[in-house]
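The block underneath contains the structure these notes are about, expressed in structure tokens.
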Amino acid sequence: MFGEPATVVSDKYFSATRDLPEELQDKLPSDVIYYEPQKSSALDYYSPKQFSKTAYNNLSLNFLWTGEQHSLPINGTTYAAMPSSGQKTVHRGTELTISNEFSKETLKLLAILDWENTGSKDWLVLYSFESLVQPETSTRLLLVRDVQPGRTLTATVLSASECFGNNCQEYSGYKLSEFLEYEPAF
């Protein structure tokens, strides 16, 4: 049924996808291979080694916004285009960390796959937010479709978790649509 197997970059792939609704789990390739850093080229745009720089420069932050804000134009909404005061950026190939005095955000590439079996390169990404001034954390499992050079990339939220202290809420399926205040296009 699936063309290429998923290239699993992080072992967090399995725990991040385990609780997805069945209709989304059915879209995941059943065959996987594991990323071997020595076999990929640092010059290849689709290489996991390029993830942090590509995400920093090209990934729209619209996945963070809910309701009508999510539909705003995406041009100029990347980390590179909207740096925050005191921002520190750390690129680690398959992981991007953005921090300042108030918060820490991390984007981690989990897998490269072909979500809709169209021959495109898609990313499965785990986004996490941690407030450094209050006990607040957030995670989102993201699907970035059709990764191509020179264009702004957008992410679809597949699931989310919001925690304040020990009080955590998990969002997937219809609860995710209510939380986001829009219907994500799976």
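The values are calculated or read from the model by the stated rules, or taken from the named source; none is laboratory data. Nothing here was measured: the structure is a model prediction, and the numbers come from that model. Note: ideal-geometry Cβ built from the backbone for every residue, glycine included; neighbour counts use all protein chains shown. Note: areas computed on protein heavy atoms with side chains; ligands, DNA, RNA excluded. Shrake-Rupley method; radii C 1.70, N 1.55, O 1.52, S 1.80 Å.
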**Item:** Every pair of residues 6+ apart whose Cβ atoms lie under 7 Å, when the first sits in segment 166-186 and is in contact (Cβ under 8 Å) with a residue 60 or more places away in the chain while the second is among the acidic types (Asp, Glu) and surrounded by 12 or more Cβ atoms within 10 Å (Cβ to Cβ)
**Value:** 172/19
**Request:** Just give me the residues in segment 87-127 being in contact with a Phe, Trp or Tyr (Cβ under 6 Å, 6 or more places away or on another chain), open to solvent by less than 40 Å² (accessible area, probe 1.4 Å) and of a type in the set (S, T, N, Q), in sequence order.
**Result:** 94
**Request:** State yes or no: is residue 63 in contact with a Gly (Cβ under 7 Å, 6 or more places away or on another chain), open to solvent by less than 60 Å² (accessible area, probe 1.4 Å) and either β-branched (Val, Ile, Thr) or in a helix (DSSP H, G or I) (or both)?
**Result:** no
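Right, residue 131: more than 30 Å from residue 27 (Cα to Cα), of a type outside the set (A, V, I, L, M, F, W, C), at pLDDT 95 or above and open to solvent by 20 Å² or more (accessible area, probe 1.4 Å) or not? Don't jump to the end; show me each part of the working.
Values: more than 30 Å from residue 27 (Cα to Cα): yes; of a type outside the set (A, V, I, L, M, F, W, C): yes; at pLDDT 95 or above: yes; open to solvent by 20 Å² or more (accessible area, probe 1.4 Å): no.
Spelling it out, it is not the case that residue 131 is more than 30 Å from residue 27 (Cα to Cα), of a type outside the set (A, V, I, L, M, F, W, C), at pLDDT 95 or above and open to solvent by 20 Å² or more (accessible area, probe 1.4 Å).
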**Asked** Looking at this structure, is residue 104 farther than 21 Å from residue 76 by Cβ and under 10 Å from the mean Cα position of the chain (by Cα)?
**Response** no
